[in-house]
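Q: The following block contains the structure, expressed as C-alpha cells.
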Amino acid sequence: MVGAVPVVRCRTAVPTAAKGELVWEIDGISKEALAAWQNGEGKGKGVLLSSVFSVGGVEWRASAYPNGSSEEGRGHVSAFLEIVTPNKPVDATYSLTVGGVKVGPATHKFGVDSAGRTLEGCNGGSRGWGKLASHDELVHTGALGKDKLTIVAEVSVPP
C-alpha cells in the first residue's frame, strides 16, 4: 500500500535467573562405610566439602555430613548449600539431592561477611536439611552403587 506507515515494534528483554548445578560424586561411601558412620567409627564423622562452583556471579559449595550434622540427624546424610562469596547478599532458590532423594526447592537470602558472620537481613551463609536421606533408604534403593554417593545442588539466582 502506497504511503503506509511502517509499524515498529519494540521488544524488551526480560532478564532471567542464572541457574547452575553441582554434581558431586563422593568415592568410598559404601554400605559398610555408612554402617561404620552409624556406629561413630567412620573416617567422616565431620563435614565433607565439595569444590566451589559459580552461579549468578556468586561462588557456592555443598557440604555433607555422612552421619548427620547433629544428634537428631544420626543415621541420615545431612546436606547444605553454602555461599562462599563474602559481602554479597543474594536471594537464591535451591534444591539438594542425595542419592536420588531430592528436597526443595527452597528460597533464602544468603550472606556472610569475610569472617563468616551472617550479614544483616540474611538467613545465614548455609542452608539445607539435617535429615535429607536415611542410610537405610540409600542402601535399599541402590544409591551407593560402586561405593559412590552422588549429591546434586541446583541453584537459581534472580537477576
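The values are calculated or read from the model by the stated rules, or taken from the named source; none is laboratory data. What you see is a predicted model, and the numbers here were worked out from it, not measured in a lab. Using ideal geometry, Cβ is built from the backbone for each residue, glycine included, and neighbour counts are taken over all protein chains shown. Keep in mind that these areas ignore ligands, DNA and RNA; they rest on the heavy atoms of the full protein, side chains included. Shrake-Rupley method; radii C 1.70, N 1.55, O 1.52, S 1.80 Å.
Q: Take VAL139 and decide whether it is within 26 Å of GLU72 (Cα to Cα), open to solvent by less than 60 Å² (accessible area, probe 1.4 Å) and at pLDDT 95 or above.
A: The answer is no for VAL139.
Q: Would a scan of region 82-90 turn up a residue that is open to solvent by 30 Å² or more (accessible area, probe 1.4 Å), in contact (Cβ under 8 Å) with a residue 40 or more places away in the chain and under 23 Å from GLY46 (Cβ atoms)?
A: yes
Q: What are the pairs, 6+ residues apart or on separate chains, where a residue within region 96-109 that is within 15 Å of VAL157 (Cβ to Cβ) has its Cβ under 6 Å from a residue that is among the basic types (Lys, Arg) and part of a strand (DSSP E or B)?
A: Qualifying pairs under 6 Å: HIS108/ARG127.
Q: Read through the list (1) more than 21 Å from LYS19 (Cβ to Cβ); (2) open to solvent by less than 30 Å² (accessible area, probe 1.4 Å), then give the number of the only condition that THR118 fails.
A: Among (1) more than 21 Å from LYS19 (Cβ to Cβ); (2) open to solvent by less than 30 Å² (accessible area, probe 1.4 Å), THR118 violates only (2).
Q: Which condition number in (1) modelled with pLDDT under 95; (2) open to solvent by 20 Å² or more (accessible area, probe 1.4 Å); (3) assigned to a loop (DSSP other than H, G, I, E, B) is the one that GLY44 fails?
A: (2) is the only condition that GLY44 fails.
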